[in-house]
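Below: the structure, in structure tokens.
The values are calculated or read from the model by the stated rules, or taken from the named source; none is laboratory data. Just so it is clear, the structure is predicted and the values come from calculations on it, not from any experiment. No Cβ is skipped: glycine too gets one built from the backbone with ideal geometry, and neighbour counts run over all protein chains shown. Accessible surface is based on the protein model in full, side chains and every heavy atom, while ligands, DNA and RNA are left aside. Shrake-Rupley method; radii C 1.70, N 1.55, O 1.52, S 1.80 Å.
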Amino acid sequence: MAERRLSPLDRMRSPQRERLAETLLTWLQSGHNASEVAARLAVHPQTVRYRMRQLDELFGERLHDPTAQFEMQLALRALTLRRAAGSG
């Protein structure tokens, strides 16, 4: 499921892919509030809006589909847990 739901991120280079994944997960967790995402990530709200436009271009309508959002959040959380387990 993770590969299918997050496959649009594969088009991005590694550093940008991680930033966009982190932004997407935070956006999903914060109820789609750019100001809250900015505070959590310690970036300017305009940076969040820019990244969300990039994500919208990558994911299209899936970004606004509640079922897809739920699956993306699960996939992103699993990815985060795998990375944490691999670095520890």
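Here are a few things to note about the model shown:
- Looking at the range 28-88, none of the chymotrypsin sites (Phe, Trp or Tyr not before Pro) sits in a DSSP loop with at most 13 other Cβ atoms within 10 Å of its own Cβ.
- Only helices enter this figure: runs of n ≥ 4 DSSP H residues, each worth -39500 (n - 2.57), summed and divided by the residues of the chain, yield -24000 deg cm²/dmol at 222 nm to the nearest 500.
- Percent carbon-and-sulfur accessible area, the range 13-52, ignoring ligands, DNA and RNA, probe 1.4 Å: 49
- For the range 1-43: Kirkwood Rh in Å [reciprocal of mean 1/r, alpha carbons]: 11.0
- In order along the range 40-57, the Karplus-derived 3J(HN,Hα) couplings, from 6.51 cos²θ - 1.76 cosθ + 1.60 at θ = phi - 60°, round to 5, 8, 6, 10, 6, x, 5, 5, 4, 4, 4, 5, 5, 5, 4, 5, 5, 5 Hz, and Gly and Pro are given as x.
- Calculated accessible area for the range 34-83 comes out at 62 Å² per residue, all protein chains present (probe 1.4 Å; ligands, DNA, RNA ignored).
- Computed with the Debye formula from one identical point scatterer per Cα of the chain, without solvent, the log10 of I(q)/I(0) at q = 0.21, 0.23, 0.26 Å⁻¹ comes to -1.05, -1.25, -1.52.
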